[in-house]
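Derivation of every value follows stated rules applied to the coordinates shown; laboratory data play no part. Source: prediction; values computed, not measured. Positions of Cβ are backbone-derived with ideal geometry, glycine not excepted, and every protein chain shown enters the neighbour counts.
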There are 2 protein chains.
Amino acid sequence: MDVTRYMQQLGKQARQAGREISKADTGRKNLALVKIAEALAANADTLIAENAKDLQAGQANGLDAASLDRLDLTPARIEKMVEGLTQIAALPDPVGEITNLSYRPTGIQVGQMRVPLGVIGIIYESRPNVTVDAAALCLKAGNACILRGGSEAIHSNRAIAACIAQGLAEAGLPQQAVQVVETTDRAAVGALVTMKEFVDVIVPRGGKSLIERISAEATIPVIKHLDGICHVYIDAKADLDKAVAIALNAKTHRYGVCNAMETLLVAESVAGAVLPILAEQYAAKGVELRGCLKTCSLIPGAVRASETDWHTEYLAPILSIKIVSGIDEAIDHINTYSSAHTEAIVTEDFTQARRFLREVDSSSVMVNASTRFADGFEYGLGAEIGISTDKLHARGPVGLHGLTSLKYIVLGDGHIRQ
Amino acid sequence: MDVTRYMQQLGKQARQAGREISKADTGRKNLALVKIAEALAANADTLIAENAKDLQAGQANGLDAASLDRLDLTPARIEKMVEGLTQIAALPDPVGEITNLSYRPTGIQVGQMRVPLGVIGIIYESRPNVTVDAAALCLKAGNACILRGGSEAIHSNRAIAACIAQGLAEAGLPQQAVQVVETTDRAAVGALVTMKEFVDVIVPRGGKSLIERISAEATIPVIKHLDGICHVYIDAKADLDKAVAIALNAKTHRYGVCNAMETLLVAESVAGAVLPILAEQYAAKGVELRGCLKTCSLIPGAVRASETDWHTEYLAPILSIKIVSGIDEAIDHINTYSSAHTEAIVTEDFTQARRFLREVDSSSVMVNASTRFADGFEYGLGAEIGISTDKLHARGPVGLHGLTSLKYIVLGDGHIRQ
């Protein structure tokens with residue numbers, strides 16, 4: 001099979017189906033989501049059997065335990081996919097929403113209408129549930145999508161794709177609105193991320209190396225984040241109980257997630273009061289501490305942090321700590337080393353809070369809350385297709401709105417320009 | 001001089017100045033705009049003298065009349081730049097605007113704050129007024145910018161840059177917030193559009209070939225449009241007086257602009273009534289008509305349009321005309337051949353208007369109004385840095401908001417994730 005030609009064919013079909021989906025009624029799109037959920041529930045046995053083939057192949061190919069776990073499609077996980085579909089069906093339809101429609105001095109009315117992006121290419125690794133989640137979000141936002149899962153999940157993804165196709169057909173929508181790439185040839189990815197005429201945006205989901213590779217290769221815009229080097233700054237005017245609770249939660253609630261804190265910044269004037277308490281609690285949880293010189297003098301168990309530490313997303317029970325003179329140094333450190341994902345200040349001081357919110361240049365900026373809240377569900381987006389740290393288009397958790405754009409609409413009564 | 005190193009230096013300075021500008025008070029930014037306006041007015045003689053050098057060199061180098069006209073800096077044009085600055089100073093400051101701040105079930109408040117993009121690289125051709133317009137928009141939106149004008153305007157641009165620097169200094173803002181590239185070496189453009197660490201977005205302003213070249217070379221996102229192949233569709237239920245007025249205005253108000261109509265679509269049932277009237281008026285204005293077979297049978301003076309015509313932005317007194325069976329064929333033709341700039345329907349039928357607005361996939365879609373209204377001033381944006389036909393980020397005329405992004409803000413009271 002000629003992979004490029006195959007991908008072009010998928011692209012052409014997606015573009016055509018995208019036009020249909022973009023004008024589909026909200027009710028019909030919701031019906032499709034419900035029918036897909038029903039098909040998944042009804043075919044749970046088939047899904048588990050197909051998934052077993054992937055798991056066996058994975059074991060034979062020496063896949064590590066974490067990857068095998070991500071790949072595993074348990075009845076509980078199927079139930080979760082079904083729930084997710086129901087939730088997305090319940091979200092308001094963003095497509096066609098008109099805002100800011102107002103009269104201009106010439107007499108025309110000008111406003112903006114929310115419109116689908118068109119065709120979304122999604123490239124992801126082992127988790128088969130992404131196939132459903134991503135398809136559902138794209139569909140609800142009026143987009144067609146082309147899904148390229150990991151080769152290790154190909155049987156699972158094909159079985160899920162069959163359920164999606166069934167649901168779309170039952171709702172009277174074109175099945176080619178959601179297409180799963182059937183080949184595991186790596187060249188398919190290269191074709192997908194460069195088919196400008198058929199694909200409008202690429203969303204990679206997976207590890208940093210996958211995302212870097214795709215960003216380097218893509219000629220189509222990519223919605224992405226690479227790192228989550230998140231900071232908490234404990235200000236001189238912090239409530240220390242809140243500071244301890246937040247610093248602990250941000251680091252230890254889950255280690256392997258992008259919104260976990262990686263560096264703690266502490267104002268010099270409160271370091272002596274707060275760091276020993278925190279050090280004890282981190283020690284109890286087995287968190288390794290790497291600090292600046294002053295930190296190490298306050299925490300005997302801490303090792304010296306190197307320049308590399310300030311740049312590092314550990315995704316592990318390791319934390320770097322820096323004592324700073326105050327908010328200026330904290331903001332400066334953050335705007336230098338942060339990956340622009342999420343930063344929080346702990347303070348009771350209104351002016352410091354106001355400055356931090358304005359001056360920290362990250363996609364989520366928080367006052368007196370744990371960085372772990374940076375998440376589409378917690379923000380009320382209903383679901384997220386990913387988190388973007390880029391400046392253009394969507395920034396922060398990307399939900400349905402991030403999968404749409406705005407066009408201008410103008411209403412007149414025969415108006416011509418003078 | 002090592003051009004790459006020079007550009008890196010500008011980039012580094014812009015990044016630093018961008019941080020300052022991003023947190024500058026609205027009052028201070030407005031003061032800078034007013035001071036720049038004053039400096040331009042006070043130095044009008046110098047500007048004209050420096051511009052004369054460019055004009056002489058242009059003549060010596062055989063620049064065509066249109067380019068020389070664009071290059072010319074007359075007292076009236078200087079006055080217009082001054083006015084533009086005053087208008088931008090009067091616009092509301094988008095930076096820091098907080099929207100959708102609401103409580104979540106967990107107790108945190110989540111909202112979005114409008115933030116500057118950072119550093120904007122602007123690449124343009126002969127018009128020296130772009131130096132001021134672009135700098136002013138970037139400044140007001142809290143961005144630093146690097147301006148790369150045409151080599152043919154280098155003396156004019158340097159003189160304008162001196163006025164901008166003076167205005168920034170008088171307002172106490174860093175002069176490096178607006179930097180004009182001092183070298184005419186073409187390599188400077190290549191460096192500018194690939195300095196990801198220092199530049200966040202590129203805005204090219206000029207002809208299609210300039211924009212194509214920059215888009216191909218850039219690794220940084222580009223806000224742009226290439227073509228303006230705009231359509232007017234006269235529906236079966238059109239008011240024919242409005243149809244004639246709009247079709248005439250959209251084509252003949254100005255020929256060389258991107259929002260001029262290039263193709264007229266007419267519903268078959270009204271073609272006989274409206275095309276002969278239009279043909280007479282177009283003939284009176286010297287517009288050449290190229291039509292489909294049916295059009296040619298109704299308009300004896302029309303020549304047959306080829307497939308190429310439907311793809312062509314004439315920017316000239318030429319119009320292609322196609323008779324279509326109805327709105328389905330019209331929308332289909334538009335979504336196939338349009339450059340997604342601006343399309344209009346003329347109709348009194350509510351349902352057709354509603355469908356056209358939803359289904360036409362262009363950055364501006366109009367009902368009963370001339371495509372010539374697609375413009376930042378007409379839309380009430382106050383000014384525009386360009387028009388984007390892309391789907392991501394800004395779509396349509398790009399004003400201050402298009403030069404900003406949104407970050408999420410979260411306010412809590414010591415909230416941690418459960």
Practice problem: Please tell me the relative contact order of segment B:77-209 in percent, rounded to the nearest whole number, where contacts are Cα pairs under 8 Å and at least six residues apart. | Solution: 26 percent
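Relative contact order for chain A: what is it in percent, counting Cα pairs under 8 Å that are at least 6 residues apart?
Details: 861 pairs, mean separation 75.5, N = 418.
So the answer I get is 18 percent.
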Quiz item: In terms of modelled amide H atoms, which long-range or inter-chain residues lie less than 5 Å from the amide H of B:GLU348?
Solution: B:LYS237, B:ALA238, B:ASP239
Quiz item: In chain B, what cysteines have no partner Cβ closer than 4.7 Å?
Solution: B:CYS163, B:CYS230, B:CYS258, B:CYS292, B:CYS296
Practice problem: Please sort B:255-264, B:163-172, A:280-289, A:366-375 by packing, taking for each peptide the average over its residues of neighbouring beta carbons within 10 angstrom, highest first. | Solution: A:366-375, B:255-264, B:163-172, A:280-289
Quiz item: What is the average number of partner chain Cβ atoms found within 10 Å of a Cβ in B:21-31?
Solution: 1
Self-check item: Within the protein assembly as shown, helix-based [θ] at 222 nm, where runs of 4 or more DSSP H residues each add -39,500 (n - 2.57), nearest 500
Solution: -13500 deg cm²/dmol
Exercise. For chain B, find the longest principal axis of its Cα atoms and tell me its angle to the long axis of helix B:208-217, 0 to 90°, nearest 10.
Key: 50 degrees
Exercise. Mind listing the label-point distances from A:GLY27 to the same position on all other copies, shortest first, one decimal in nm, points 7 Å along Cα→Cβ?
Key: 5.7
Quiz item: Which residue of chain A is nearest the rotation axis onto chain B, counting by its Cβ, and what is the distance in whole Å?
Solution: A:HIS393, 2
Quiz item: Measuring from a point 7 Å past the Cα of A:LYS23 along Cα-to-C-beta, which residues in segment B:228-250 have an amide N at less than 20 Å?
Solution: B:230-238
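Please label the shape of segment A:1-72 as rounded, prolate or oblate, based on the square roots a ≥ b ≥ c of the eigenvalues of the alpha-carbon gyration tensor (a/c under 1.5 means rounded; beyond that, a/b larger than b/c means prolate, else oblate).
Numbers: a/c = 3.07, a/b = 1.44, b/c = 2.13.
Judged from the Cα gyration tensor, segment A:1-72 comes out oblate (a/c at least 1.5, b/c at or above a/b).
Looking only at other chains, what is the average number of their beta-carbon atoms within 10 angstrom of each beta-carbon in B:108-118?
Details: counts 9, 2, 11, 2, 3, 3, 0, 9, 2, 2, 2.
Average neighbour count from other chains, rounded to a whole number: 4.
Rounded if a/c is under 1.5, else prolate if a/b is larger than b/c, else oblate: which is segment B:230-373, with a ≥ b ≥ c the root eigenvalues of its Cα gyration tensor? Write out the running numbers ahead of the final one.
Values: a/c = 1.37, a/b = 1.19, b/c = 1.14.
It is rounded, given that a/c, with a ≥ b ≥ c, falls under 1.5.
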Quiz item: From the Cα gyration tensor of segment A:290-418, with a ≥ b ≥ c the square roots of its eigenvalues, which class applies: rounded if a/c is under 1.5, or else prolate if a/b is larger than b/c, or else oblate?
Solution: prolate
Quiz prompt | Efficiency of FRET between A:ALA57 and A:ALA284 - r from beta-carbon atoms, R0 35 angstrom, step 0.05 | solution = 0.25
Quiz item: What are the nm distances, shortest first, from A:ILE98 to its equivalents in the other copies, labels at 7 Å along Cα→Cβ?
Solution: 3.2
Quiz item: Excluding A:ILE327 itself, what net charge comes from residues whose Cβ is under 14 Å from its Cβ, given Lys and Arg +1 and Asp and Glu -1?
Solution: -3
Quiz item: Nearest 10 degrees, 0 to 90: what angle lies between the long axis of helix A:3-22 and the longest principal axis of chain A (Cα atoms)?
Solution: 90 degrees
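Enter the mean number of other protein chain beta carbons within 10 Å of the beta carbon of each residue in A:369-376, as an integer.
Details: counts 13, 7, 2, 4, 10, 4, 1, 0.
Average neighbour count from other chains, rounded to a whole number: 5.
Rounded to the nearest 0.05, what FRET efficiency do A:PHE350 and A:THR99 give with R0 = 22 Å and r taken as the Cβ-Cβ distance? Could you check? Working shown, then result.
Numbers: r = 32 Å, r/R0 = 1.44.
My answer for the efficiency is 0.10.
Taking 1 over the mean of 1/r across every pair of different Cα atoms in segment A:40-132, what Kirkwood radius in Å do you get?
Details: mean 1/r = 0.0588 Å⁻¹.
Kirkwood radius, segment A:40-132: 17.0 Å.
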Quiz item: Sorted by packing (mean other beta-carbon atoms within 10 Å per residue), highest first, where do B:406-413, B:93-100 land?
Solution: B:406-413, B:93-100
Quiz prompt | For B:ALA76, inter-copy label distances in nm, listed shortest first [label point 7 Å out on the Cα-Cβ vector] | solution = 7.7
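May I ask you to order B:59-68, A:217-226, A:101-110 by the average number of other C-beta atoms within 10 Å around their residues, highest value first?
On the way: B:59-68: 11.2, A:217-226: 19.7, A:101-110: 14.8.
Sorting B:59-68, A:217-226, A:101-110 by mean packing, highest first, produces A:217-226, A:101-110, B:59-68.
I'd like the FRET efficiency for B:ASP64 and B:ASP2, computed as 1/(1 + (r/R0)^6) with the beta carbon distance as r and R0 of 30 Å, rounded to 0.05. Intermediate results must be reported in sequence, preceding the final value.
Working: r = 34 Å, r/R0 = 1.13.
Using R0 = 30 Å, I get an efficiency of 0.35.
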Exercise. Taking 7 Å along the Cα-to-C-beta vector as the label spot, tell me the B:ASP332-B:ASP45 distance in nanometres, rounded to one decimal.
Key: 6.8 nm
Practice problem: Whole Å is fine, so just give me how far the alpha carbon centre of segment B:1-37 lies from that of segment A:325-391. | Solution: 24 Å
Quiz item: What's the angle, to the nearest 10 degrees (0 to 90), between helix B:129-140's Cα axis and the longest principal axis of chain B?
Solution: 70 degrees
